[in-house]
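Take a look at the structure below.
Please treat every number below as a calculation from the coordinates, not as lab data. Note that the structure is predicted; figures quoted are calculated from it, not measured. So basically every Cβ, Gly included, is an ideal-geometry build from the backbone, and we count neighbours across all protein chains shown.
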């Protein structure tokens, strides 16, 4: 029988000591349980392929889940930005350009492929989707790890419907997933990937919030800052208006899908709010009464959330292999729910980081990942299936939106609570056998890969 001294939900990768009373299962050791079977990996890959075929059918219009055509964001908006960027300047006069300068690389990339802009963009989405599932499978098939993260990605991405392949967020998410999965073993490479991703969409930089104290934090954060600074300089030197997007934020309203929009939706239902709903800075937003106050409250909530994260980091006593990933998800949830905008594509960010968390058996975020999947389904019901009802604050649309946003709020609170609890208390102490075995037990040598995992855990706990 195995005696585990760690918490019940921190087995496997938690680094808790194990006392062996009988020989372990084939492939298992005292350090980590056996790796998932190759057959399980093939099942994940086969299901991924089937779901992506279904997704391509939705994107190409063969299967329609809503009358709204979401591909126009690529064929019209992205393509028009592509033409402007080709001239060596950013879309300085287009307030819908709300992105850091690294986004130009994504918008220009389809032009390198031989097909139409729309088709080439879909191909890039498929390539980066493949990269993400490949990295999740690679991580999940190691000893002590889990394929649950790969399953989250397989299931969660198509739950967003065609929207997920009609926004460039899946490319950035794949880069963030890759960066997070390598940041503990290769801090410099992980920092560079997260830094480059951050220059495309900002949020991947939040993945560095939970890196373990010591040299890994110094190396990964320095690499991220270096990547951001270098790429920013090159883009600013080579193109005009790289940071013009920063001037497009002051007059933003409250986007109709955000958590802060709920009071105005409910007020409109009862005829108590008389502002306007209009396309503003590239999204449908509320403008008028209450908006300035709610905007300030949202900003205050963001500041408070990140202050809590700083407090958590200073007070955390125990770092486990899952802590870096769990903290990244909690940070992103805070950033998302306190934002003035919650666009549908934001959900692929959360699905990606939830998938990374679940590659580690000892993650504290399992129930949070389930809530994110529920919120993803509700997001697709809200957009594109019932977006008109949301914009017009109709009962069914408001019900779906409120359910989605409150689910995300509950997930944020639960994520932070479980992150806090998982990093408090002393580090686990190995259980020692007090009785000599009747017969000599066979030894089970730790293989080099497992020894490296244990060394990594020891560095995290003591470094």
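So how do 120-126, 354-360, 270-276, 306-312 stack up, highest first, on mean other-Cβ count within 10 Å?
354-360, 120-126, 306-312, 270-276
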Residue 230 paired with residue 38, simple spin-label distance in nm, labels 7 Å along Cα-to-beta-carbon = 3.8
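Report the gain in length on full extension from residue 222 to residue 311: 0.36 nm times residue separation, minus Cα-Cα distance, nm rounded to one decimal.
Difference between extended and current length: 29.9 nm.
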ask   = How do 164-177, 200-213, 128-141, 47-60 rank on mean C-beta neighbours within 10 Å, highest first?
value = 164-177, 200-213, 128-141, 47-60
message = Taking 2.2 N^0.38 Å as the expected size of a compact globular protein, what ratio does the Cα radius of gyration of region 307-423 give against it, to two decimals?
response = 1.13
request  = Take every Cα-Cα distance within region 371-428, group them into 10 Å bins from 0 onward, and report for each bin the whole-number percent of pairs it holds.
outcome  = 23, 37, 20, 12, 6, 1
note = Inter-part gap, Cα centre of region 365-396 to Cα centre of region 150-172, in whole angstrom, is 15
ask   = Taking every eigenvalue of the Cα gyration tensor of region 252-332, multiplying by 5 and rooting it, what semi-axes result, largest first, whole Å?
value = 35, 13, 11
message = If you average the C-alpha positions of region 82-123 and of region 268-320 separately, how far apart do those two centres end up, in angstrom?
response = 29
message = Rounded, prolate or oblate, given the Cα gyration tensor of region 172-306, with a/c below 1.5 counting as rounded?
response = prolate
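What order, most packed first, do the peptides 98-109, 63-74 have when packing is the mean number of other Cβ atoms within 10 Å of each residue?
98-109, 63-74
Given R₀ = 51 Å, FRET efficiency for residue 49-residue 202 by Cβ-Cβ distance, to 0.05?
Plugging the Cβ-Cβ distance into 1/(1 + (r/R0)^6) gives 0.95.
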key: Relative contact order [Cα under 8 Å, 6+ residues apart], region 206-319, whole percent   = 20
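If you take the beta carbon distance between residue 247 and residue 295 as r and set R0 to 25 Å, what does 1/(1 + (r/R0)^6) give as a FRET efficiency, to the nearest 0.05?
The formula returns an efficiency of 0.90 here.
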request  = Considering the convex hull of the alpha carbon atoms of region 123-193, report its projected area averaged over all viewing directions, in nm², one decimal.
outcome  = 4.7
request  = Calculate the spin-label point distance for residue 89 paired with residue 370, positioning each point 7 Å from the Cα along the beta-carbon direction, and give it in nanometres.
outcome  = 5.5
Directionally averaged projected area (convex hull, Cα atoms, region 65-154), nm² = 8.3
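I need to check one value: relative contact order of region 58-151, counting alpha carbon pairs closer than 8 Å and at least 6 residues apart, in percent.
The normalised contact order for region 58-151 reaches 17 percent.
If I take every Cα pair under 8 Å that is 6 or more residues apart in region 181-247, average their sequence separation and divide by the length, what percent do I get for the relative contact order?
That works out to 34 percent.
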query = Based on the Cα atoms of region 234-297, what semi-axes does the equivalent ellipsoid have, where each is the square root of 5 times one gyration tensor eigenvalue, given in whole Å with the largest first?
reply = 32, 10, 9
note = Between the modelled labels at residue 269 and residue 77 (7 Å from Cα along Cα→Cβ) the distance in nm is 2.8
